[in-house]
Amino acid sequence: MYKIDRERFLDLTENHDIPTVPQVEAILEEAESESLSYAKLNSLVNAIHSTEFQAIRDKVLAKSEFVRRKIYGGLVVSMAPVEVTNRCASDCNFCGWRSDNNEMRRISLDERLIVVQVEYLLAKGFQHIELVGGDDVKFVRDQLPVLVQRVRQIMGGSLANRVLFCTMALTSRHYRSLKNAGADGIIMWQETYDHEVYNSHITKGPKARGIDDNYKVVKNGDGYRFRLESQDRALREGLSASVGAMLGLNPNIGFEIIATVDHARYLESSYQPGDPIIVGMPTWNNITTPRTDKRPARTLPIDGYFAFFASIYFLALHRYRAWIFPNCRVSLPIQIDAVRAAGVYTSTEVKLGPGGYLNSAIAKLPVEQRAAIMQMLKSTFKGELSAENWHDELDNLEQFKHDFHHHETYVKALTDAGLFIGSQTAPSSANH
């Protein structure tokens, strides 16, 4: 099981020396053919404080894009999350769905309403579908295995297709069951690799304490450790895995980047999974209920550093077959810059609330099917949402504010950047 060398990483990041442009150039030459040391990764992160940061940023992005093109060409693999529920049993102060947020209206969708959205996304060309239910224990226990099986049936047997899920950390038995149902992998961010920071922001529920095989919260359990070891458990059961720290949550950004890289290197070296380790780049965004938003007024302005951090991740991990995952938590131009320089995996046309794609999906249905789905919607939303204005109100059920564009807009932007959406198994480590 993965164990983080917390004291070592804290000691490393106490070095705040800012590198010169020639020092960065030397690190970049090494990064092309060697695995960078954590001291050198910390030095690159420290460059955000340099008066020459723009010049350094340009060099880092250029080197990363050069290596990325050598390995992957213009390939980008796109995924879409499908939120099933915004009910939650945990309290994470950075999330609009936390259980103590009384201003967030709650809703859960049944299988038919999920299938309509999945079919809409598959018709657009998505091959990776992520079923999302967070810390809704009832959903994870009762509904997720059925949905995984159903989506797998819809997708068919293509090796390019992937059924992923994003929930609270689960036990080995849970992961085995979901693998048997047809799941391919988990999407799991640690949020922060610092135990103290984790406990200060995540205070209640499965995410704070962990769960047992019966989905019961463990009394006085260590949710940080349980989550940290979730990738080990998932990989041992044959699922693919992902890692990531929330940029902006811990002021010590160097610690989080080094720890994320260390975790990804450990997983690839220990398990050599068939699919690449996904390295996510979640950011701390404002939530959709402003009066209950706990995001500080001043945080690191991630937008200006997003593509730079993506490139650091890629340069640190390209020899470990990792796929960097820039996302729509930043604007479209920034996301495209990050994908061009470092990202092989990304998300397009993202809706982050239950039923987010329904308006677009229903418009594509034959007339006779629309009536049946609309009747189901009226029943589902009764007492929770206005049946007349449901399509306008769904966006207010999202976890946080993010950038939205239709898939076709992303395709054009990626094409303009010399990239294309496709599917491909990651190159083997023998090629590195």
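The values are calculated or read from the model by the stated rules, or taken from the named source; none is laboratory data. These numbers come from a predicted model, not from an experiment. When we count neighbours, we look across all protein chains shown, and the Cβ atoms used for this are built from the backbone with ideal geometry, even at glycine. In case anyone asks, the SASA skips ligands and DNA or RNA and just uses the protein heavy atoms, side chains included. Shrake-Rupley method; radii C 1.70, N 1.55, O 1.52, S 1.80 Å.
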Relative to the Cα centre, what is the charge dipole magnitude of the chain, using +1 at the beta carbon of each Lys and Arg, -1 at the beta carbon of each Asp and Glu, and rounding to the nearest 20 debye? 980
Kindly sort E237, E7 by accessible area of their heavy atoms, largest first, with the probe set to 1.4 Å. E7, E237
Determine the principal axes of the Cα atoms in the stretch 154-212, then give the extent along each, sorted from largest to smallest and rounded to whole angstroms. 44, 23, 15
Once ligands and nucleic acids are excluded and a 1.4 Å probe is used, how much of F420 is accessible, expressed in Å² to the nearest 10? 110
Could you tell me which residue out of F308, L109, Q23 lies farthest along the dipole of the chain toward its positive end? Charges go on the beta carbon: Lys and Arg +1, Asp and Glu -1, centred on the Cα centre. L109
Using only Cα atoms, locate the centre of the stretch 298-353 and the centre of the stretch 80-131, then give the distance between them in Å, rounded to an integer. 22
Could you tell me how many degrees, from 0 to 90 and to the nearest 10, lie between the Cα long axis of helix 367-381 and the main elongation axis, the longest principal axis, of the Cα atoms of the chain? 80
Between the Cα axis of helix 21-33 and the main Cα principal axis of the chain, the angle (0 to 90°, nearest 10) is 70
The chain: angle of helix 407-416 to the longest principal axis, Cα-based, in degrees nearest 10: 20
Please report the relative contact order for the chain, taking Cα pairs under 8 Å with a sequence separation of at least 6, and give it as a percent rounded to a whole number. 22
Protection proxy (average C-beta count within 10 Å per residue), highest first, orders 59-70, 289-300 as 59-70, 289-300
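Based solely on its DSSP helices, what 222 nm [θ] is calculated for the chain when runs of n ≥ 4 H residues each add -39,500 (n - 2.57) and the sum is averaged over all residues, nearest 500 deg cm²/dmol?
So the helix-based figure for the chain works out to -12500 deg cm²/dmol.
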Counting residues in the stretch 1-56 as N, plug N into 2.2 N^0.38 Å and put the Cα Rg over that result. 1.24
Calculate what fraction, in whole %, of the accessible area of the stretch 114-237 sits on carbon and sulfur atoms when a 1.4 Å probe is rolled over the protein chains. 45
Could you tell me whether the stretch 74-206 comes out rounded, prolate or oblate from its Cα gyration tensor? Rule is a ≥ b ≥ c as square roots of the eigenvalues, rounded for a/c under 1.5, then prolate if a/b exceeds b/c, otherwise oblate. prolate
Sort 256-264, 407-415, 172-180 by packing, meaning the average of other beta carbons within 10 Å per residue, with the highest value first. 256-264, 172-180, 407-415
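Place a +1 charge on the Cβ of each Lys and Arg in the stretch 1-152 and a -1 charge on the Cβ of each Asp and Glu, then give the dipole magnitude about the Cα centre in debye, rounded to the nearest 20.
Magnitude of the dipole: close to 680 debye.
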Give me the distance in nm between label points sitting 7 Å out from Cα along the Cα-to-Cβ direction at N389 and R236, one decimal. 5.1
Mean accessible area per residue over the chain (1.4 angstrom probe, all protein chains present, square angstrom) is 39
Do the alpha carbons of any pairs in K216/K382; K124/K412; K124/K401; K138/K204; K378/K401; K351/K401 sit beyond 19 Å of each other, and which pairs? K216/K382; K124/K401; K378/K401
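Calculate what fraction, in whole %, of the accessible area of the stretch 261-363 sits on carbon and sulfur atoms when a 1.4 Å probe is rolled over the protein chains.
On the way: 1370 of 2930 Å².
Carbon and sulfur together cover 47 percent of it.
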Cα extents of the chain per principal axis, largest first, Å, are 65, 50, 42
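Using alpha carbon coordinates only, what is the Rg to Rh ratio of the stretch 190-309, with Rh defined as the Kirkwood radius? Please list the in-between numbers first.
Details: Rg = 15.6 Å, Rh = 15.8 Å.
Reported Rg/Rh (Cα atoms, Kirkwood Rh): 0.99.
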